[in-house]
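Read-outs: derived from the displayed coordinates by stated rules, not from any lab. Keep in mind it's a predicted model, so treat the numbers as computed, not measured. Methodologically, a virtual Cβ is constructed for each residue, glycine included, from the backbone with ideal geometry; neighbour enumeration extends over all protein chains shown.
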Amino acid sequence: MGEIFKVGLMLMLVAVIAAVALGYVNSITSPIIAEQKEQAKLDAMIDVAGSLAEGELLFDSLSVPELTNPYADVDQTLAVVSVTDSTGCELGYLFVAYGKGYSSTVQTMIAVNAEGIVTGNSILFQQETPGLGANVSNPEKFLYQFDGLNASGFLLKKDGGELDSITASTITSRAVTNSVRYGLDALADAGLIPALGGAQ
């Protein structure tokens, strides 16, 4: 009986040491990971905004009271960034669209010009099935279809639109297209871009 107690005590001691060590490592790495995520987001903003114009671009977060949040169901908020050139001429907007995919919430950075036309895009985050839904990150397999579309163009063929879904990944494809359309519709409802009859 005493031997079992010693083994149990030893296991408990090992578990406590492991928990403390993990907590310590997490306290060191969490700020680094958060900083890397923020840098990746900034890099994506610069890259995607480059589709609006060449040269130096300026970014400014907007506070728009009329802006609704179409991403509340995935516990996210629609944040809009205005993009201007060095002379102060407004070129368009950036926003991140959030869509519930098969196994993750897919985050898509979108650049839209003042006329409501998508000019650039990039997947910021996804954890979809490798070889299937994860292909959403490959511009040549899916995202290439987005440039030049307005809100009404963001529908899969299976939903009555013109966009091809990724083979065997309709859920992920629909999550991305719908999330972008919802964001564009919210921008139009707030008067930032023209209302073009995007379907809900």
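Couplings for the stretch 144-152, taken from phi via the Karplus curve 6.51 cos²θ - 1.76 cosθ + 1.60 with θ = phi - 60°, read 4, 6, 7, 4, x, 9, 9, 4, 5 Hz in order; Gly and Pro are left as x. The per residue volume of the convex hull around the alpha-carbon atoms of the stretch 42-200 is 104 Å³. Taking Cα centroids, how far is the stretch 137-166 from the stretch 1-50 in Å? When both Cα centres are located, 38 Å separates them.
Sites count as exposed loop sites when they are GluC sites (Glu not before Pro), lie in a DSSP loop, and have at most 15 other Cβ atoms within 10 angstrom; the longest stretch of the chain without one is 1-53. Close amide H pairs (under 5 Å, H built 1.01 Å from N) link residue 78 with 71, residues at least 5 positions away or on another chain.
Pairs of Cα atoms under 8 Å, at least six residues apart: use those to get the relative contact order of the stretch 46-189, whole percent. Kindly include the intermediate steps, with their values, before the conclusion.
Numbers: 305 pairs, mean separation 31.0, N = 144.
Averaging sequence separation for qualifying contacts and normalising by length gives 22 percent for the stretch 46-189.
Evaluating 6.51 cos²θ - 1.76 cosθ + 1.60 at θ = phi - 60° for every residue in the stretch 117-129, the Karplus couplings come out as 9, 6, 10, x, 7, 6, 7, 7, 7, 6, 10, 7, 4 Hz, glycine and proline recorded as x. Per-residue extension of 0.36 nm, minus the Cα-Cα distance of residue 66 and residue 34, leaves a gain of 8.5 nm for this segment.
Under a model in which nothing but the beta-carbon of Lys, Arg (+1) and Asp, Glu (-1) is charged, the stretch 125-188 shows a dipole of about 140 debye around its Cα centre.
Computed from Cα atoms, the angle from the helix 170-189 axis to the main principal axis of the chain rounds to 50 degrees.
In debye, nearest 20: dipole of the stretch 46-189 around its Cα centre with unit charges on the Cβ of K, R (+) and D, E (-)? Walk me through the numbers before you get to the answer.
Values: 6 positive and 18 negative charges, 131 e Å.
Computed about the Cα centre, the dipole is about 620 debye.
The 3J(HN,Hα) values that the Karplus relation (6.51, -1.76, 1.60; θ = phi - 60°) gives for the stretch 36-49 are, in residue order, 5, 5, 5, 5, 4, 5, 5, 4, 5, 4, 5, 5, 5, 5 Hz. Gly and Pro appear as x.
For the chain, lysine pairs separated by 8 or more sequence positions, or belonging to different chains, with Cα-Cα distances below 30 Å total 9.
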